[in-house]
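Step one of this worksheet: look at the structure below.
The values are calculated or read from the model by the stated rules, or taken from the named source; none is laboratory data. Everything quoted here is computed from the prediction, not taken from an experiment. Quick reminder, even Gly has a Cβ in these numbers, built from the backbone with ideal geometry, and neighbours come from all protein chains shown.
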């Protein structure tokens, strides 16, 4: 993989992560996540009071607050917008805010799906990356109506400029293209 492709893959990953995070924050009216590295933790005394599951949380301290964030995945599929978010007072250890967006209409595990390679073979162009998603009905990044109920492969394609110019969404169960996503700016 050449340096331009590696740079683009990194930038796209960062843009997608930032877009998903920004949309989640805007949708929930929660404070914007801090712009620093998160520590990953699954066991913490503050969380043990509220979370008895084996979910892994990212932890970050900023000012007088401690933040915990969990992004929902079903097997290896991202569940768009689904998250758990906690904010604690750093000094008193009291819970200040909790935000939960968790769809209840999804399976516990992925159904049988086509492989990433099969999905990628359905598109034309220079493939930058692909990821498996459960698309949220309120998605601004994947505005497909009706919203696919099955998990979907999202394939990002680069153009002559080396930047993402097209996003193709493929139903991972039925193996057919169901729409387009919005390329990052």
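Exactly one condition in (1) farther than 22 Å from residue 107 by Cα; (2) surrounded by fewer than 20 Cβ atoms within 10 Å (Cβ to Cβ); (3) over 19 Å from the mean Cα position of the chain (by Cα) is not met by residue 173; state its number.
So the condition that residue 173 fails would be (1).
Please tell me if residue 36 is under 19 Å from residue 142 (Cβ atoms) and at pLDDT below 95.
no
For segment 76-130, give me each residue that is assigned to a loop (DSSP other than H, G, I, E, B), surrounded by 18 or more Cβ atoms within 10 Å (Cβ to Cβ) and at positive phi.
Selection gives nothing.
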